[in-house]
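Encoded as C-alpha cells, the structure appears first; notes follow it.
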Amino acid sequence: MRTVWRLMVVSVLAAAALAGEMQVQKVQGDVSVRHGVTEVWNQVAVGDILRPDDSMKTGAGGSAVLLIPLADGSVKRVTLPAEVIVDMSDVRDLSPEELMLKLAMEKVRSSSYEWKNDELRVPNASVVHGANKAQGPVASENDIRFGKMQLRGTRVLYDNGYYSTCALKSLEVFRLFPSLGSGFDDRLLVAEALEKAELRGEALNEYGSILKLDSLTADQASLVRSRMAALKR
C-alpha cells in the first residue's frame, strides 16, 4: 500500500511539474499574488496553487515558501523574503539556446528604445502598473519601488539556481527603470548569473559595461577586472 501511495504522490508531482504549477507551503505577513495581466493583487493562503502567468509579491516583514515540483518527482523549496516581486514564469531553467535567443531579443528591445520608444510594447505586463501601462516601456519613477522589488526578486532567482532568468529579468528591469541600471551590486549580479549560466562571452561583456559606470569605486573596478581576468584564462 505504501508503494502505491508513493507512486501516486510521484505521479501528482510530475504532473504539476509539467503544468508549471507551484504550491504555497508557508506564508508570513503581507504576501499577495496577481494572476495574468490583471492589476489586482489578492492575499495568498497556504495551499494556494500558482501558475506560470502569476506574480507573487511580499510586503515589509512578509515572506513565503513555495514548493516547486520537479519532473523527477522531487520537490524544491523556494523562499521569498520581504519586499520582493517574483514572476512565477521566471522560476524555471532555460536551455543555453533559449537563453541566448532571449538575450538577443532583450538587446533589441533595449537598443530600439533609445531611438523609437514610442513604438515599442512591453511584452511582460508584470512590470507596468495602473495608468503607466499607456506610457510605453519605461515606467514612471513613481513606480520605481516596483522595479526595486523586482530586482530583489532576481536575487531570489539567483540564490535558487535560476541564473538564466535572473539575468534576463534584471536586464528587463534596467530597461524599464533606467535609473536602476547604475547600481553596482545589481549589475554585478547579472554578470555573475551569466557566468553561472556558462555564457562566458556575455558575462565578459557585462563585466566590461560595469567598468563604464560613473559611480564605480577603485575597489569595485579592481573586483570586476579580477573577474574578467579569471574568465579569460
Query raised in the report: Can you run phi through the Karplus equation (6.51, -1.76, 1.60; θ = phi - 60°) for the range 192-204 and list ³J(HN,Hα) in whole Hz, with x for Gly and Pro?
Result: 5, 5, 5, 5, 5, 7, 6, 9, 4, x, 5, 5, 4
Requested in this report: Could I have the simple spin-label model distance between ALA60 and ASP214, label points 7 Å from Cα toward Cβ, reported in nm to one decimal?
Outcome: 3.1
Report summary line: Pairs over 31 Å Cα to Cα, from LYS107/LYS148; LYS212/LYS232; LYS76/LYS212; LYS26/LYS148; LYS57/LYS212, come to LYS76/LYS212; LYS57/LYS212
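Every number here is computed from the coordinates shown, using simple stated rules; none is lab data. If you're wondering where the values come from, they're calculated on a predicted model, not measured in any experiment. As a convention, Cβ positions derive from the backbone with ideal geometry for all residues, glycine included, and neighbour counts pool all protein chains shown.
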